[in-house]
1. With each run of n ≥ 4 DSSP H residues scored as -39500 (n - 2.57), what mean residue ellipticity at 222 nm is computed for the protein assembly as shown after dividing by its residue count and rounding to the nearest 500 deg cm²/dmol?
2. Counting partner chain Cβ atoms within 10 Å of every residue's Cβ in B:210-217, what's the average?
3. Estimate the FRET efficiency between B:THR219 and D:ALA285 by the formula 1/(1 + (r/R0)^6), using the beta-carbon distance for r and 45 Å for R0, to the nearest 0.05.
4. What order do you get for D:LYS93, D:LYS162 when you list them from fewest to most C-beta neighbours inside 10 Å?
5. Counting only C-alpha contacts under 8 Å and six or more residues apart, can you give the relative contact order of segment A:2-114 as a whole percent?
6. For peptide D:227-236, how many partner chain Cβ atoms fall within 10 Å of a residue's Cβ, on average?
7. Assign one of three labels to segment B:83-155, namely rounded, prolate or oblate, based on the Cα gyration tensor with a ≥ b ≥ c the square roots of its eigenvalues; rounded applies when a/c is under 1.5, prolate when it is not and a/b is larger than b/c, and oblate otherwise.
8. Can you give the local net charge around B:ASP98? Use residues other than it whose beta-carbon is closer than 15 angstrom to its beta-carbon, Lys and Arg +1, Asp and Glu -1.
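What follows draws every value from the coordinates through simple rules; no lab data is involved. Model, not experiment: these values are computed from the prediction. Counting neighbours? That spans all protein chains shown, and the Cβs are built from the backbone with ideal geometry, glycine included.
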Protein chains: 4
Amino acid sequence: MQRFALIGAGFIGSVHARNLAENPDVDFALVYDVDQERAQTLAQTHGARAAQDLDEVFNPEHIDAVFIASSTNTHAENLRRAADAGIAALVEKPIDMDLAQARETVDYVERSGIRAMVNFNRRFDRDHAQLKHLVDAGELGPLSLLQLTSRGPALPPLEYLKVSGGQMRDQTVHFFDLARWIFGADPEEVFVAGSALTDPRVAEIGDVDTSAATLVFGTGALAQIDSVRHTGYGYDERIEALGADGMAESGRMRSGNVTLFHGAQSRTDGLHANWFERVQPTYAASLGGFVDALERGVDVPVSLRDGLKAQAIAEAATTSLSSGRSERINYGF
Amino acid sequence: MQRFALIGAGFIGSVHARNLAENPDVDFALVYDVDQERAQTLAQTHGARAAQDLDEVFNPEHIDAVFIASSTNTHAENLRRAADAGIAALVEKPIDMDLAQARETVDYVERSGIRAMVNFNRRFDRDHAQLKHLVDAGELGPLSLLQLTSRGPALPPLEYLKVSGGQMRDQTVHFFDLARWIFGADPEEVFVAGSALTDPRVAEIGDVDTSAATLVFGTGALAQIDSVRHTGYGYDERIEALGADGMAESGRMRSGNVTLFHGAQSRTDGLHANWFERVQPTYAASLGGFVDALERGVDVPVSLRDGLKAQAIAEAATTSLSSGRSERINYGF
Amino acid sequence: MQRFALIGAGFIGSVHARNLAENPDVDFALVYDVDQERAQTLAQTHGARAAQDLDEVFNPEHIDAVFIASSTNTHAENLRRAADAGIAALVEKPIDMDLAQARETVDYVERSGIRAMVNFNRRFDRDHAQLKHLVDAGELGPLSLLQLTSRGPALPPLEYLKVSGGQMRDQTVHFFDLARWIFGADPEEVFVAGSALTDPRVAEIGDVDTSAATLVFGTGALAQIDSVRHTGYGYDERIEALGADGMAESGRMRSGNVTLFHGAQSRTDGLHANWFERVQPTYAASLGGFVDALERGVDVPVSLRDGLKAQAIAEAATTSLSSGRSERINYGF
Amino acid sequence: MQRFALIGAGFIGSVHARNLAENPDVDFALVYDVDQERAQTLAQTHGARAAQDLDEVFNPEHIDAVFIASSTNTHAENLRRAADAGIAALVEKPIDMDLAQARETVDYVERSGIRAMVNFNRRFDRDHAQLKHLVDAGELGPLSLLQLTSRGPALPPLEYLKVSGGQMRDQTVHFFDLARWIFGADPEEVFVAGSALTDPRVAEIGDVDTSAATLVFGTGALAQIDSVRHTGYGYDERIEALGADGMAESGRMRSGNVTLFHGAQSRTDGLHANWFERVQPTYAASLGGFVDALERGVDVPVSLRDGLKAQAIAEAATTSLSSGRSERINYGF
């Protein structure tokens, strides 16, 4: 049984709170938020207590693990405190918006020896995981090409976009991680072309909302990722993995299974209206993977270094957007 | 907020307990079971209390509604006690294995004026409900034909089959109800052919495991239902509704969305391994429909009389299995 | 190389003419029709000659095989002439509208020793044949249930219906044959319920346009067939075969493969607008099967007796429509 | 009625011969091939004559149109002769392997005023054309992204690859054309990353067999194309078009429609084993489009200039493969 504290009681914090409450191997003890009332409300709903301050949270006598779901600029500091206290940590991405800072933080945390995991929840999607299983089982032979689709459904608020770091660091980074994970290798180069097609203000803040990325791996294998902020048809995520012996697809997921045949056409339930509907089950699965590793005393399924690497790809990708050429990815270690 | 007591802490009772605990309009107060320890354990898991006896349950000062999930032979008696106490009731089917007894019970309960619903959970399947919505919206025009599939995955234990009342009363009855509900009308005749193909002992106890039923409605519209106890491919449920203007299908539901293309074929995730995986979400939805009706003071979505009618069809269907002819359905009221 | 004469230059005759012209093992020599001009035109299009009379057709010095696609009331007579001449024959169903006459004709033809095949073209559908292959390969285990769908798209002219023999003999007979073929066995009993829902005049002429048939085989295995004259969504044909180990589906065939995702729904190409579009390729395949048997000197893939048996089922089915009970099928031999 | 001569009696010539013979608006008169016997055989099969020499072909008294399906190095010369003779021409791509030569040829032909079309047959694929129809009807809103897949099934012989001009000019050029056609605009830049993964000898001859191309249009819209020479699962071609209001997909086409459900998985017919099976119907449709334009006296559906433009993209794409940067496309006019 792992005694958990949750840091951050916002929207995503409340998702994690429910999963912490329902995980049979978790004793959900504390919630901390800078807004104490919000912490109080969330804690009560799930039979936990609100922590007065972070000292209460980072107390290894009562807490075995923290789930860091606070604002991005506090991730690194909270990770360091967990490292100091010898408490395991599961942290939302990114570790730090600044890659150099993120690297120093990871070095620091690794020296402490605590178990720490970055929450790349999409790896825990039932279908993506099944595709990865087929790849690892050799069903496709050596991989040659990956196609990843990351779309919509709607442009986030401009206020959010301004501080998001741009489409590569905010959205596509999840798919850079999926590509690395599925290949079991680090891409060496990245090319991206992108445009602001949805709203002229996206261009004004120097960002893009529609982009096409190409990753090149050491073996010569390739990955293509299309990233789109706005669709007219809901949230669309899919993966194709092609190898010498076959191809596997984790297909776009429909919200239902009803078809109406009428005249020369048929009409079927489309995709989920928003990203959360689509990816919701991945959060419990990701938490489950972390808890399971703690219980069994084995490595966590996604390391902080995995987080760093995806971020390094996003940096090179952002450079490529303006350079117009394929950029070498600097993993820096 | 509705104060609930749950009667029955077996497998299906534990499913309902979780849904009661998670429904925001429910105050889950009591659990009763003939096995007090089982009641205690289930109550604790969900922050409820175990009731000492049924007097505690049927106390309108503390309880607004009961969920009757106890053994079949207690359904009628518990319904009558709810009627006497003026407490709303949601009851698993059947009301009573004996149709005449069931009718008397329904008459008794109706005279009391309590809200009472039979738990035909499949009506609350997201896809089936969407198909019903298309029918009611007139998208298909007047209905002419319904095809319903109810299959597998595995023969239940013979001990269960012996007391189940036979395939029509135990399994197909859900689909008799779906057919009535989708048509919005009562079928007048039923023909069934059936066989015991899975295990010779099924025939020895006078039951069938594979059957084909045909319902005839007053308009001349038809329904076909195939009911199979054993498949080699999981749990398969689907509906097609055909009208003058088109056709709607609530398709077989797959457990996932991953396809492997290899050579001349592709391989995709199949159906759910068992019935519970497939229908699980319908239980919360069904409870939600009942609670919503109580909260809004409107009719419950499925009446006890709906339960009686499906049972009456199952009686005639059972007769047809041996008579070899289309039997008139006696609704008896 | 087989020298062919075609009898009948109507719509279906012209389909066969093209297939005869394109089959590399066929020397398409003659066309005969009571309307000589029609015969002339069709013959010219495909490099054949118009025959003056049937004596020219049934001349074994110049002709090896006849394709009998003339009006139904001439099938039996033409089969007998082929038998007398020692010429192979491929005949459209039915052999004769009168089952007793049909039986005598088959007895007569069989005594002659010619190769004769009834044109149950649906057996040659690529997908149905693949399903049959899976059944024969044992992939499903022993069969328990078959579901067949035969629908639309539009009510044929009443003038046609009046002389068609009714839905069972005209439409469903193809699916009675498919059921026999897939099972590799003859059903023992048949029950049918049917209605006239499309047009009241269908009832006036004593026919139905919507029906649900159940076949019972000696093993206890079952088949359900729904037959509908009118849909609002094109021509719909599908088969499901269920066995102890799995299920195979020859799915409804779409006219194309384009999907539009928009809002909460998707829109896809529907079914073929009419039956001919859907089944067209089966005609060449069926002819190919016949020609191949002649070339290789082996049994034809569908015997006249297969035609008789499907007709016998249709007779019992027609009786059941009015008797309201399961009827024993009298194969009469 | 258009009197046609076919130049080239190889594999693809024989495909065209059959389509010429079956097109009701075509009088298929002549076949020419450097191998006279091959011409003779093909001509006889379809009721045409073998031409002694090209003077007989380019004779406007007897011929209205030529179909140029001879070896690539003769395309330009044959086009010029058609221009001189005032005979319409349908030519296989490319016009000339050398882009400058191709440009001069097109200028020459355009000055003559003859109708001339390059045979980009994929535009005539039923599903691709339907997708284009949805785009033009405004169902997707302004286009933002295109995804095109061009795969396999098997590496062509090295002897062929050596003279093919490389993957961009030989394979991807068809998809450059599809992208231009669907967008109704010319891309401005192209980036390609590619590798030789199938066979080391592909790299030795300076070619690639697996590549990822990105096109950038003037509006900022993007297209991604993956081109693969070898798959383990047949021939795979698909298109997705994304706009502001929705997305349309011309999906991968299966060879059949049969599914086997067994255990936890299902198995379905996969893709076509080879490219010709998949694209075969497009050849008759493309010829039909050309003939229809001649008959109606309107512009041909694909101009020689369309051929040039696709070729210009392929040139820039080939440059990008080695430069590692996005290359501006020089249409040169």
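1. -11500 deg cm²/dmol
2. The shielding value for this peptide is 5.
3. So, using R0 = 45 Å, E works out to roughly 0.50.
4. The order, fewest Cβ neighbours first, is D:LYS162, D:LYS93.
5. 25 percent
6. 6
7. prolate
8. Net local charge, B:ASP98 excluded: -2.
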